[in-house]
Amino acid sequence: MIYKDDPALIRSFLEDTSNIKTGHTPGVYFPESIEDVSELLRENAGTGKRFVISGNGTGTTGGRIPFGDLVIAMEKLDRIDAPLQRNGDQAVMTVKAGVLLEDVQKKAESSGWLYPPDPTEKLCFIGSTIANNSSGARTYKYGPTRDHIARITVVLAGGDILDIPRGKYRAGKDGMFRIDLALTGRLEFNVPGYTLPLTSKHNAGYYSSDGMDLIDLFIGSEGTLGVIVEADLLLVPAPEKTISCLVYFPSLDDLFDFVQKAKRKTGGVDPGALEFFDPNSLDFIRRVYTEVPEETAGAVYFEQETTMDKEDEQLEAWFELMESSNALTEESWVALDADEQRAMKAFRHELPAQVNEWIGTQPESKISTDMAVPDDAFAELYHFYRSTCEKHGFRYIIFGHIGNSHVHLNILPSSHDEFKTAKALYRDFVKKAVDLGGTLSAEHGIGKLKAGYLVSMFGDEGIREMARIKKAFDPNLVLNIGNLIPEHYYRAC
Ligand SMILES: Cc1cc2nc3c(=O)[nH]c(=O)nc-3n(C[C@H](O)[C@H](O)[C@H](O)COP(=O)(O)OP(=O)(O)OC[C@H]3O[C@@H](n4cnc5c(N)ncnc54)[C@H](O)[C@@H]3O)c2cc1C
């Protein structure tokens, strides 16, 4: 197995997109097989060495950043098999963890299938998206990554290789998992007693439900329980056609009314994605796309899968809905073919590009939220974000997955004082979202950056329950320490 410790060659492994700059490591291992990962962990068990798992570094929470840990880089585990049809409307594709999401999607599409999870960032590894239960615009229709994983293989901290097809390992009626491992013997632990928020997206802490499946514990566990090395992905038939549209509104009330009606499928519409841009986001996009109307309170991007036969009728249903919510129909943009849809995607991607360019000229990094709330609490969280930012005179944008009541607030500080104020307010945003029954993270996860906030959601006992599960899998505390669970909880359980 290749090992590199030349600082010039391993520098990139010290960062992700979280802006944490203090990572350091003695070196990076590049396993080329599942057995390499197992051997590495088995041989180092009991030596006190710690490891952090590295995907492609697009994570936003510092999860892959080492603080003295050795790095396990997943990039050489990059095999991708052809889709195998299971029945008329499902196929399975086996992939190793270091395959790029972009390549998974292309491979599926080339044979008429769709892998639905679509985080905005495509240059992430598939193993990381499973470890982080990643999601994107299509999650509104298809759910997060969790819903599209049929099997995973994991290497545990002691070197055991565990194959977990969905349905094989379930918690007993007493809430216990009991699993016999070849190398390290019997593993026993309780399903956490906490309940998860009633949001349609959630990615903060270990999953929990009565009689749960072990695979669901690993999905979203951010590499704290084992290294995901292989997975079977579930594919669905690619749609024959897609209607895409960007629609502007004169007022926020009209926009929210449209979203509510679309979610109720009023008039026969059936959205696959519902995404939001506030006026400040549109200001950034207007730097490049001057046609974005000035007099607008915001825009919604929607998508609907359709067929040649039904396209006209469904488009008509959307136009009626737009009219009924006073949309600025004349200024709106409908994309019905692949070229137009690519152009619309470029338009949407202009937002992060412009924001990042602007941030690059500023002395401070942005403060971003990733919270979601139950649908009936969305307007309250939105107005709280807005009024707090206006009160402090911040430059900010709000955008994202309004269909899942999950929008991102980005505060863009122009001074260190503003940065400090915004950072302090982050705790208020977490409290508000949790008080409204929401989640601290709907998709980006907790990593190292947000571990200190997780207790606001689950309380001390909830975090202790997670720490107990972590210690059952990893008694010597070897893997991804500092992620998700603040370290002092290991001493307290
Ligand atoms: C511009 C931008 C847009 C984004 N949009 C979205 C979005 O829409 N939705 C979304 O969900 N996320 C989004 N993200 C976040 C990010 O892309 C995802 O979290 C992604 O899953 C990270 O993949 P990666 O390969 O870069 O992982 P890394 O950053 O390298 O690692 C992320 C975490 O996963 C762990 N990990 C990696 N591989 C494994 C493995 N094989 N087994 C166990 N643990 C592992 C790491 O230890 C770390 O904790 C976005 C990021 C950016 C920069």
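The condition of being open to solvent by 40 Å² or more (accessible area, probe 1.4 Å) and of a type in the set (G, A, S) holds for only one of G172, G143, G158, G193, that being G193. If we keep just the residues of region 436-456 that are in contact with a helix residue (DSSP H, G or I) (Cβ under 9 Å, 6 or more places away or on another chain) and open to solvent by 10 Å² or more (accessible area, probe 1.4 Å), which is nearest to C124 (Cα to Cα)? Once the filter is applied, the top-ranked residue is E443.
Which one is farthest from the ligand (Cβ to nearest atom) among residues in region 113-127 that are of a type outside the set (V, I, T) and modelled with pLDDT of 95 or more? Per the criteria, the residue is W113.
Filtering region 179-216 to residues that are closer than 28 Å to A273 by Cβ and either more than 22 Å from the chain's Cα centre (by Cα) or in a strand (DSSP E or B) (or both) leaves only D213. When region 329-347 is filtered for residues that are touching a residue at least 24 places away in the same chain (Cβ under 8 Å) and either more than 26 Å from the chain's Cα centre (by Cα) or within 14 Å of E291 (Cα to Cα) (or both), the ones remaining, listed by number, are T329, E331, S332, W333, V334, A335, L336, E340, M344, F347.
Checked against (1) out of contact with any Gly (no Cβ under 9 Å at 6 or more places or on another chain); (2) polar (S, T, N, Q); (3) under 22 Å from V478 (Cβ atoms), T61 passes all but a single condition, namely (1). Name every residue in region 139-154 that is in contact with a Gly (Cβ under 6 Å, 6 or more places away or on another chain) and either under 20 Å from G98 (Cβ atoms) or not aromatic (F, W, Y) (or both), in order of residue number. Listed by number, the residues that qualify are K141, V154. Comparison of T25, T47 shows that the only residue that is within 11 Å of A73 (Cβ to Cβ) and either of a type in the set (V, I, T) or exposed (fewer than 15 other Cβ atoms within 10 Å of the Cβ) (or both) is T25. Residues being more than 24 Å from Y385 (Cα to Cα) and among the charged types (D, E, K, R) are represented in region 449-460 by at least one member. Y426 fulfils the conditions (1) touching a residue at least 40 places away in the same chain (Cβ under 8 Å); (2) touching a Pro at 6+ places or on another chain (Cβ under 9 Å); (3) aromatic (F, W, Y) except for a single criterion, (2). Filtering S405, S415, S387 for residues that are of a type in the set (S, T, N, Q) and either open to solvent by less than 10 Å² (accessible area, probe 1.4 Å) or closer than 30 Å to N44 by Cα (or both) leaves a single hit, S405.
The values are calculated or read from the model by the stated rules, or taken from the named source; none is laboratory data. Keep in mind that this is a model prediction, so the values were computed, not measured. Please note: Cβ atoms are built from the backbone with ideal geometry, for glycine as well, and neighbour counts cover all protein chains shown. These accessible areas exclude ligands, DNA and RNA; they are computed on the full protein's heavy atoms, side chains included. Shrake-Rupley method; radii C 1.70, N 1.55, O 1.52, S 1.80 Å.
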